[in-house]
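Novice: I'd like to ask some things about the structure below.
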């Protein structure tokens, strides 16, 4: 699988990635999008969200600091994205922590065709909900169980699911990619998850096989995370080095370091 | 006083610190919380603020970019925190600059039992208001006067007051800690005050003596500020080094550098 | 032209720069303001926006993540600034991308006397709109055409226009400054445009010739961008070095590196 060629395509075609995202990591989402060569735009007003999606090549929704009115704007933009046929990525931040988050994530999934759903084990588990029960997934945590959860949600939503964890699982319900790149320092800073969704948004804007796009985004993102660790003294310098490494990522390095497996 | 043991307890118990904060430094508040080993969550929607506090171990309120509806959400979360018995920290940003800020800070203090109030001389002076007058504190500025102001507000609110300045004063109206660690470069970047409130929130989540928790948070925070100065060429690199130093802070360094005095 | 003396005046008089800005780069706008020695305050609530402008020395409006209610607050603050006679800077982010942005930027220009309008070629082109047509500016892109566009808008609005690009054009419709400092890495990070508006806001707060103030702000800003490139491995370290370089900028370096031309 030629991972790097997708990154190259992002750099050459500079897709516009429309975000409706949270107020915590909004800068980092924009900056990481720029860092891989795409163009970010953040626009949440309901008066313009659909129109902005209309000029974009992908749409990233992140419910990290959601309000009901922002979600309304997300849905409007999401419908426009569906109409245009550009990918919609949902970062299901905090689903399960409050009723609002769980309800609103489900409302988005009901009203918008989401192409890529990203979350950790807990978030994906909640969204897989009823379906998971039916399939007998009662406890979580092992890699095998996480694969089942991710497949479950992917099939129910006819979508790609990205379940992040020690090993990242990317599946459309049939094909399963497992990525084991990454570094523990990535967890020491706030926003890596959100930034990953932005990079997935950039990759999916140029590669129609969204499952492949998401898997390749993860490999590149995680390799940058590995490289950054070598030069850092802590989370402050780590974050800046991470940006540098992702910006400078070369084909050779990706090929040499990639840890990705596919099951079909 | 074993300052470092509180930081260790933060790292081992990883308390969840719920923030309802401003849009300027929200990322840094989250990131510094992570940096000391706690877990940040930022959630301001009134539909979930109380529920989110329900799963948290402390609540940090910051009125830096307040609106009336955000303050309503803060009060709802604050009442939940009071009910649960977890600490509420109020960072009184800009009190005195506009009527809205002064009124809303006072409204929060009326409706919520705030355990730790943080502000600079001007902000604490305004909040101490009438009480200060009664006690004859008519001019401000000297360390002695600041101690009186802080004690005044602490007694009126039955709360811990953190008055930041060249020397930081922490008091519950009886005991007074004075911390003289810190570095002038801390003032060269935006957000140090807000980040301090987050670190106090993390410390108060694991130490029930809130006055002690706040004082120890200040010592650790300010020592990191001193250490960062040695390696920095300006505010850009200083900030990253500050994160690194706080993240890597060791018991030995804290013991060797701490400048804290107690009066009872 | 003594460029550095304006920066020195900012540092010595520490003007308060009130921002009503976007949620993406709000931290960087505040931090760069601090970096040149001014004091930032960000306050968008309609209940306090006018009062906050009342204690400020300049007002920076940025519509990057506008909503109708934020624009209402901007107009209220803008009127107060006009009443007080302090400069209003409008960063016309994304004008032309959606109807909301174009309409609201025009509404601000109708209701508030904006002293400095900043935008790229596309944004200034849209705002110059009808007037540009009258003057026969039908295609854009060359430096000569950009000068015409900028002059056109400046004359129509009786304002200073800053048109950023490979060469930056600053004009009040009569005098034209062209600044050719800067470095391509400035485009690799999000927020340079927004930060520039903040620095212009700080300079205009202390120099009544707003065209000159804006031109000098650009020279200083862009020279810092050049200096930062030497020490950076990518956009992460570049940004931190940029802050350092702007903070440490000396008179000698500005004099040696400035690339500014004036036509009258």
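Novice: Only one of these is at pLDDT below 95 and either out of contact with any strand residue (DSSP E or B) (no Cβ under 9 Å at 6 or more places or on another chain) or part of a helix (DSSP H, G or I) (or both): C:208, C:166, C:212. Name it. Before the answer, list the steps.
Specialist: On the way: C:208 fails: at pLDDT below 95; C:212 fails: at pLDDT below 95.
The unique qualifying residue is C:166.
Novice: Then there's this: Please enumerate the residues belonging to the range A:246-264 that are away from chain C (no Cβ under 14 Å), in contact with a helix residue (DSSP H, G or I) (Cβ under 9 Å, 6 or more places away or on another chain) and not in a helix (DSSP H, G or I).
Specialist: A:258, A:259, A:260, A:262, A:263
Novice: What's the total number of residues in the range B:59-74 that are in a helix (DSSP H, G or I) and more than 7 Å from chain C (Cβ to nearest Cβ)?
Specialist: Within the range B:59-74, residues that are in a helix (DSSP H, G or I) and more than 7 Å from chain C (Cβ to nearest Cβ) number 6.
Novice: Something else about it: How about the range A:66-79: which of its residues are in contact with a strand residue (DSSP E or B) (Cβ under 8 Å, 6 or more places away or on another chain) and either surrounded by fewer than 24 Cβ atoms within 10 Å (Cβ to Cβ) or at pLDDT below 95 (or both)?
Specialist: Passing the criteria: A:70, A:73.
Novice: On to the next question. Condition check: at pLDDT below 95 and either more than 14 Å from every other protein chain (Cβ to nearest Cβ) or under 27 Å from residue A:40 (Cα atoms) (or both). Does residue C:231 satisfy that? So that I can check it myself, show each step before the final result.
Specialist: Details: at pLDDT below 95: yes; either more than 14 Å from every other protein chain (Cβ to nearest Cβ) or under 27 Å from residue A:40 (Cα atoms) (or both): yes.
When the stated conditions are applied, residue C:231 passes them.
Novice: Right, something else. Would you mind finding the one in A:105, A:56, A:45 that is within 13 Å of chain C (Cβ to nearest Cβ) and in contact with a strand residue (DSSP E or B) (Cβ under 6 Å, 6 or more places away or on another chain)?
Specialist: Of A:105, A:56, A:45, the one residue that is within 13 Å of chain C (Cβ to nearest Cβ) and in contact with a strand residue (DSSP E or B) (Cβ under 6 Å, 6 or more places away or on another chain) is A:56.
Novice: When the range B:2-25 is examined, which residues are found to be more than 22 Å from residue B:78 (Cβ to Cβ) and within 14 Å of another protein chain (Cβ to nearest Cβ)?
Specialist: B:11, B:14
Novice: For residue B:226, work out the one condition from (1) crowded, with 21+ Cβ neighbours inside 10 Å; (2) without any contact (Cβ under 8 Å) to a residue 60 or more places away in the chain; (3) outside any loop (DSSP other than H, G, I, E, B) it doesn't fulfil.
Specialist: Residue B:226 satisfies all of (1) crowded, with 21+ Cβ neighbours inside 10 Å; (2) without any contact (Cβ under 8 Å) to a residue 60 or more places away in the chain; (3) outside any loop (DSSP other than H, G, I, E, B) except (1).
Novice: Listed residues C:171, C:160, C:164, C:237; which is free of Cβ contacts under 8 Å to residues at least 60 places away in the same chain, in contact with a helix residue (DSSP H, G or I) (Cβ under 9 Å, 6 or more places away or on another chain), more than 13 Å from chain B (Cβ to nearest Cβ) and closer than 24 Å to residue A:11 by Cα?
Specialist: C:164
Novice: Which ones in the range B:152-163 are surrounded by fewer than 24 Cβ atoms within 10 Å (Cβ to Cβ) and on the phi < 0 side of the Ramachandran plot? Show your work before the answer.
Specialist: Restricting attention to the range B:152-163, the residues satisfying the condition of being surrounded by fewer than 24 Cβ atoms within 10 Å (Cβ to Cβ) are B:155-159.
Correct list: B:155, B:156, B:157, B:159.
Novice: Moving to a separate point now. How many residues, within the range C:20-33, are within 15 Å of residue C:217 (Cβ to Cβ) and either free of Cβ contacts under 8 Å to residues at least 12 places away in the same chain or touching a strand residue (DSSP E or B) at 6+ places or on another chain (Cβ under 8 Å) (or both)?
Specialist: Selection size over the range C:20-33: 2.
Novice: For residue B:82, work out the one condition from (1) within 18 Å of the chain's Cα centre (by Cα); (2) in a loop (DSSP other than H, G, I, E, B) it doesn't fulfil.
Specialist: Every condition holds for residue B:82 apart from (2).
Novice: Report yes if residue A:85 is touching a residue at least 60 places away in the same chain (Cβ under 8 Å) and more than 9 Å from chain C (Cβ to nearest Cβ), otherwise no.
Specialist: Taking the combined requirement at face value, the residue does not satisfy it.
Novice: Check the range B:26-41 and report whether any residue there is more than 24 Å from residue A:234 (Cβ to Cβ) and either more than 9 Å from chain A (Cβ to nearest Cβ) or more than 14 Å from the chain's Cα centre (by Cα) (or both). Walk me through it before giving the result.
Specialist: Going through the range B:26-41, the residues more than 24 Å from residue A:234 (Cβ to Cβ) turn out to be none.
Checked the range B:26-41: no residue is more than 24 Å from residue A:234 (Cβ to Cβ) and either more than 9 Å from chain A (Cβ to nearest Cβ) or more than 14 Å from the chain's Cα centre (by Cα) (or both).
Novice: When the residues of the range B:110-121 are narrowed to those that are within 19 Å of residue B:53 (Cα to Cα) and touching a helix residue (DSSP H, G or I) at 6+ places or on another chain (Cβ under 6 Å), which ends up nearest to the other protein chains (Cβ to nearest Cβ)?
Specialist: That would be B:111.
Novice: On the given criteria, is residue A:95 under 17 Å from the mean Cα position of the chain (by Cα), over 25 Å from residue C:190 (Cβ atoms) and away from every other protein chain (no Cβ under 14 Å)? Give the steps one after another, and end with the answer.
Specialist: Numbers: under 17 Å from the mean Cα position of the chain (by Cα): yes; over 25 Å from residue C:190 (Cβ atoms): yes; away from every other protein chain (no Cβ under 14 Å): no.
When the stated conditions are applied, residue A:95 does not pass them.
Novice: A follow-up question, please. Confirm whether residue C:243 is within 14 Å of chain B (Cβ to nearest Cβ), within 27 Å of residue A:243 (Cα to Cα), touching a residue at least 40 places away in the same chain (Cβ under 8 Å) and buried (at least 24 other Cβ atoms within 10 Å of the Cβ).
Specialist: For residue C:243, the condition - within 14 Å of chain B (Cβ to nearest Cβ), within 27 Å of residue A:243 (Cα to Cα), touching a residue at least 40 places away in the same chain (Cβ under 8 Å) and buried (at least 24 other Cβ atoms within 10 Å of the Cβ) - is met.
The values are calculated or read from the model by the stated rules, or taken from the named source; none is laboratory data. Computed from a predicted model, the values in this text were never measured in an experiment. All Cβ positions, even for glycine, are placed from backbone atoms using ideal geometry, and neighbour counts span all protein chains on display.
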